[in-house]
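**Student:** Handing you this structure, nothing more for now.
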Amino acid sequence: MAFKRFDPEDFLVSSDSITSTLWSTGNPTLSSFNTSSIQIAGSSGNYYLSVYQTSSTLSSAQVQFDIAYGDALGSGSVLYNPIVPENSYTKTIYGQYRSMILEDENSSFIYGIGNNTYTTNNFWVLSMERARYKQSLFPGSLNLKLSGSGGIINLTDNSLDNPVNIFLGSTRVLQLISGSNGTAGTLPNSGYVAGSGSYGLVFPDLGTILLNPSAISQSIQVAASRSNNSDGLNTQKLFNAISLGASFVLNSQETITSDYVFVRARNSEFNYSENPSFISGSTGEVIYSNFINQPQVYLTTIGMYNDNNDLLAVAKMSRPLLKDFTKEALIRVKLDF
């Protein structure tokens with residue numbers, strides 16, 4: 001074993017952006033949508049609807065995303081307590097996302113840009129399963145088809161039409177528009193709805209999409225119920241629109257930071273071994289005299305130590321590397337975090 005202190009130029013930090021499909025099927029397009037009657041009947045069913053890629057009774061079933069409905073007035077769901085008006089599950093959902101995104105309990109969500117904006121106090125939520133979107137949703141990969149009695153719309157984000165990052169509070173936001181692959185379609189309103197702004201807001205770093213019920217209702221006649229103290233089945237309505245559309249494309253994105261360490265073995269270094277088999281047990285002499293002036297060893301492992309001589313990392317060679325006074329080696333070690 002031999003030691004050598006690294007120099008500053010032996011270290012390099014690199015970041016790579018990795019994209020992959022978000023769905024557990026491994027396919028970029030999710031076309032089959034299923035729910036669980038057990039989850040719906042449970043306590044969580046009052047707040048959201050979990051969507052699976054296959055029948056929830058199968059062992060391979062995994063939650064892909066959740067659907068929820070939020071309403072600032074508490075409409076569209078039963079009340080926690082009938083004698084306390086507006087205090088319902090939908091009001092809790094609305095308050096949760098308002099606090100998380102707007103960071104102000106007195107603010108409202110605004111859909112659209114420029115002169116075509118719309119402010120409303122209700123929304124649908126598509127919340128991607130946390131483990132699926134990794135670090136963030138990949139802008140430009142979103143393609144969602146919704147189907148209703150009024151027809152079909154294809155929705156995407158506006159990341160290519162507006163490549164500059166825009167923030168709502170401290171959260172990066174994109175507009176949800178009609179079109180595909182991050183750009184608007186050839187509609188008169190360039191992907192927006194006249195008088196209703198955009199179809200929603202996309203928050204890539206939260207794995208969350210808010211849908212504007214007014215724009216969706218105006219386009220395909222899928223409307224959110226705003227009845228008082230009764231279950232409006234709004235999560236089921238959006239699920240049906242997604243299921244009938246049968247096409248949800250979305251990728252995830254993450255940045256992998258790697259530390260590269262360049263280990264340099266010069267011709268005069270690391271040519272001898274402390275292997276006991278090289279030494280005579282009785283005399284302490286080198287058994288083979290040619291190991292004195294013409295040694296040959298094989299590099300197999302690189303250990304990285306701190307100043308306290310604590311082993312921090314081990315890198316194994318893919319194959320033993322022959323080393324003697326006539327050879328030099330440069331080995332690149334990659335550490336991923």
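**Student:** Which residue out of SER225, SER219, SER252 is touching a residue at least 24 places away in the same chain (Cβ under 8 Å), within 30 Å of SER17 (Cβ to Cβ) and in contact with a Gly (Cβ under 9 Å, 6 or more places away or on another chain)?
**Tutor:** From the options SER225, SER219, SER252, the qualifying one is SER252.
**Student:** Any residue at all in segment 12-26 that is open to solvent by less than 50 Å² (accessible area, probe 1.4 Å) and more than 26 Å from SER180 (Cβ to Cβ)?
**Tutor:** Looking for residues that are open to solvent by less than 50 Å² (accessible area, probe 1.4 Å) and more than 26 Å from SER180 (Cβ to Cβ), one finds at least one in segment 12-26, hence yes.
**Student:** Please go through segment 48-61 and give me each residue that is among the small types (Gly, Ala, Ser) and buried (at least 16 other Cβ atoms within 10 Å of the Cβ), ordered by number.
**Tutor:** If the condition is that a residue be among the small types (Gly, Ala, Ser) and buried (at least 16 other Cβ atoms within 10 Å of the Cβ), then SER50, SER56, ALA61 are the ones that fit.
**Student:** Okay, next question. List every residue pair whose Cβ atoms lie under 6 Å apart, where the two residues are 6 or more positions apart in sequence or sit on different chains, the first residue falls within segment 35-62 and is hydroxyl-bearing (Ser, Thr, Tyr), and the second residue, located anywhere, is in a helix (DSSP H, G or I) and open to solvent by less than 30 Å² (accessible area, probe 1.4 Å).
**Tutor:** SER50/GLN39
**Student:** Separate question: Which residues, taken from segment 283-301, are hydroxyl-bearing (Ser, Thr, Tyr), modelled with pLDDT of 75 or more and within 30 Å of SER318 (Cβ to Cβ)?
**Tutor:** If the condition is that a residue be hydroxyl-bearing (Ser, Thr, Tyr), modelled with pLDDT of 75 or more and within 30 Å of SER318 (Cβ to Cβ), then TYR298, THR300, THR301 are the ones that fit.
**Student:** Give me the residue from segment 81-104 that is touching a Gly at 6+ places or on another chain (Cβ under 7 Å) and of a type in the set (Asp, Glu) and, out of that set, farthest from ARG226 (Cα to Cα).
**Tutor:** Here the answer is GLU103.
**Student:** Are any residues in segment 265-286 among the hydroxyl-bearing types (Ser, Thr, Tyr) and assigned to a loop (DSSP other than H, G, I, E, B), and if so, which ones?
**Tutor:** SER268, TYR272, SER273, SER280, SER282, THR283
**Student:** Run down SER258, SER280 and say which single residue is modelled with pLDDT under 85, over 19 Å from PHE3 (Cα atoms) and in contact with a strand residue (DSSP E or B) (Cβ under 9 Å, 6 or more places away or on another chain).
**Tutor:** After applying the criteria, what remains is SER280.
**Student:** Do you know which residues across segment 62-89 are open to solvent by 20 Å² or more (accessible area, probe 1.4 Å), of a type outside the set (S, T, N, Q) and part of a loop (DSSP other than H, G, I, E, B)?
**Tutor:** ALA72, LEU73, VAL78, TYR80, PRO82, ILE83, VAL84, PRO85, GLU86
**Student:** If a residue has to be modelled with pLDDT of 95 or more, charged (D, E, K, R) and out of contact with any Asp or Glu (no Cβ under 8 Å at 6 or more places or on another chain) to count, how many in segment 48-94 make the cut?
**Tutor:** 1
**Student:** Filter segment 234-256 down to residues that are of a type in the set (A, V, I, L, M, F, W, C) and within 17 Å of PHE138 (Cα to Cα) and give me whichever is most open to solvent (accessible area, probe 1.4 Å).
**Tutor:** In this case the residue turns out to be ILE256.
**Student:** I'd like the full set of residues that are open to solvent by 50 Å² or more (accessible area, probe 1.4 Å) and of a type in the set (A, V, I, L, M, F, W, C), limited to segment 292-311.
**Tutor:** Across segment 292-311, the qualifying residues are ILE292, LEU311.
**Student:** Follow-up question, since we're still on this one. Limited to segment 209-264, what total is found for residues that are on the phi < 0 side of the Ramachandran plot and assigned to a loop (DSSP other than H, G, I, E, B)?
**Tutor:** Matching residues across segment 209-264 total 13.
**Student:** Show the residue pairs that are 6+ apart or on different chains and have beta-carbon atoms under 7 Å apart, the first residue being within segment 146-168 and modelled with pLDDT of 95 or more, the second being charged (D, E, K, R) and crowded, with 17+ Cβ neighbours inside 10 Å.
**Tutor:** Within 7 Å, the pairs are ILE152/LYS145; ASN154/LYS145.
**Student:** Given (1) without any contact (Cβ under 8 Å) to a residue 12 or more places away in the chain; (2) more than 38 Å from the chain's Cα centre (by Cα), where does GLU328 come up short, assuming only one miss?
**Tutor:** (1)
**Student:** Which ones in segment 25-55 are of a type in the set (Ser, Thr, Tyr) and out of contact with any strand residue (DSSP E or B) (no Cβ under 7 Å at 6 or more places or on another chain)?
**Tutor:** THR25, SER31, SER32, SER37, SER43, SER44
The values are calculated or read from the model by the stated rules, or taken from the named source; none is laboratory data. Keep in mind it's a predicted model, so treat the numbers as computed, not measured. Please note: Cβ atoms are built from the backbone with ideal geometry, for glycine as well, and neighbour counts cover all protein chains shown. Areas reflect the complete protein model, heavy atoms only, side chains present, ligands, DNA and RNA absent. Shrake-Rupley method; radii C 1.70, N 1.55, O 1.52, S 1.80 Å.
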